[in-house]
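Report on one structure; see the data block that follows.
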Amino acid sequence: MLQMANWIDVWVAWASHHRWKPQQRFDHPTVTYALWLVLDGNVIVKSCGKQWLVSPDDAFLFPPQQERSILTTTGAELLSVGLDAKLFGRVDFFAQFAPPILWRPKDDERQYLEAWMKQIVQLFPPTTNPLRIVVNGLAQAIIGLCWQMLRNIHEWHDVGKELFPQWLVAVFRYVKENPKAIVAELSCSSNFSPAQFRRLFRQWTGLSPRAYLRSHRLALARQMVELTDFSVSEIANRCGFESAAHFSRTFKRAFGLPPSQYRKGLKEKG
């Protein structure tokens, strides 16, 4: 399974914990994708001649710039996060699932989704660079969870196969399985000459192979910093950095803090 969330640029436009009174009505489009998780009550959404009844524990994804009418007859409590997600800065990630889309997450998925959305609501808008990093990390986690849930609904076994040529999917998979890989190995796995591989890779992703490897290693390293107790040296080795010092410098340039301070900030927030 491809780590799609690692390749997606995410922007959080808003985050709200709504408590709507009975008979409240709203009639306006949204500027980004709106992700809802209803905690209590029912919400009726009408758009383009269709109607959805969004009930407690339901998730609902609505596209931007589409007229909608929202009514709650009973009153409702829900979490709402505005998200824009672009794959390699080019492909509209959510458009692949043809929203609006209503679904009922599994219990464990709903618990994660509720916890992450609530944390974003509490931190939004982020006023410092460390807080922006945390909000972005939570948004990335939500994107990954949504991908897992929505691709199951659409019965897609591998969204990457729908978006990219097979040689590029194979390269992505090779990098995922071999984070220490070098550009020459990727070129060989693609069966292209080095010059042709670099040209085609940039054409598809907007990145050079070297920049993609650096981005992938940083994303993997950030996950390890956030989710494991591995030392900085061990993370640097597992992710293919030259040394712990090189890893710390690269991590700080990307995320604003060296990995040790980044981890300390997360623990203090938690």
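Just so you know, all these numbers are worked out from the coordinates, no wet-lab data involved. Please read all numbers here as calculations on a predicted model, not as lab measurements. Here Cβ is always computed from backbone atoms with ideal geometry, including for glycine, and neighbour counts include all displayed protein chains.
Eigen-decomposition of the gyration tensor built on the alpha-carbon atoms of segment 54-140 gives equivalent ellipsoid semi-axes of 23, 19, 14 angstrom, largest listed first. Amide H contacts of TYR33: LEU83, each under 5 Å away and 5 or more positions distant or on a separate chain (H built 1.01 Å from N in the peptide plane; Pro and chain starts excluded). Note on segment 4-128: the alpha carbon radius of gyration divided by the globular reference 2.2 N^0.38 Å gives 1.04. For THR74, the residues whose amide H sits under 5 Å from its own are GLN23, ASN42, ignoring neighbours fewer than 5 places away on the same chain, with H placed 1.01 Å from N.
Over every Cα atom in the chain, the radius of gyration and the widest Cα-Cα span, Dmax, amount to 20.3, 65 Å. Taking a ≥ b ≥ c as the square roots of the eigenvalues of the alpha-carbon gyration tensor, segment 215-263 is classed rounded because a/c is under 1.5.
How much net charge surrounds ASP58 when only the other residues with a Cβ under 14 Å from the Cβ of ASP58 are counted, with Lys and Arg +1 and Asp and Glu -1? Residues near ASP58 contribute -3 overall. Near ASP58, the amide H atoms lying under 5 Å from its own belong to VAL38; only residues 5 or more places off or on other chains count, and H is placed 1.01 Å from N.
Pairs of Lys residues in the chain that lie 8 or more places apart, or on two chains, and have C-alpha atoms under 17 angstrom apart add up to 4. With axes computed from alpha carbons, what is the tilt in degrees of helix 244-255 against the longest principal axis of the chain, rounded to the nearest 10 within 0 to 90? Between the helix axis and the principal axis of the chain, the angle is about 30 degrees.
Radius of gyration (Cα atoms) of segment 164-269, expressed as a multiple of 2.2 N^0.38 Å: 1.17.
For the chain, what is the mean residue ellipticity at 222 nm derived from helices alone (per DSSP H run of n ≥ 4: -39500 (n - 2.57); sum divided by total residues; nearest 500 deg cm²/dmol)? Please list the in-between numbers first.
Working: 10 runs with 129 residues, N = 270.
That calculation yields -15000 deg cm²/dmol at 222 nm.
For segment 167-259, applying the loop criterion from DSSP together with a ceiling of 12 other beta carbons within 10 Å to the GluC sites (Glu not before Pro) yields GLU242.
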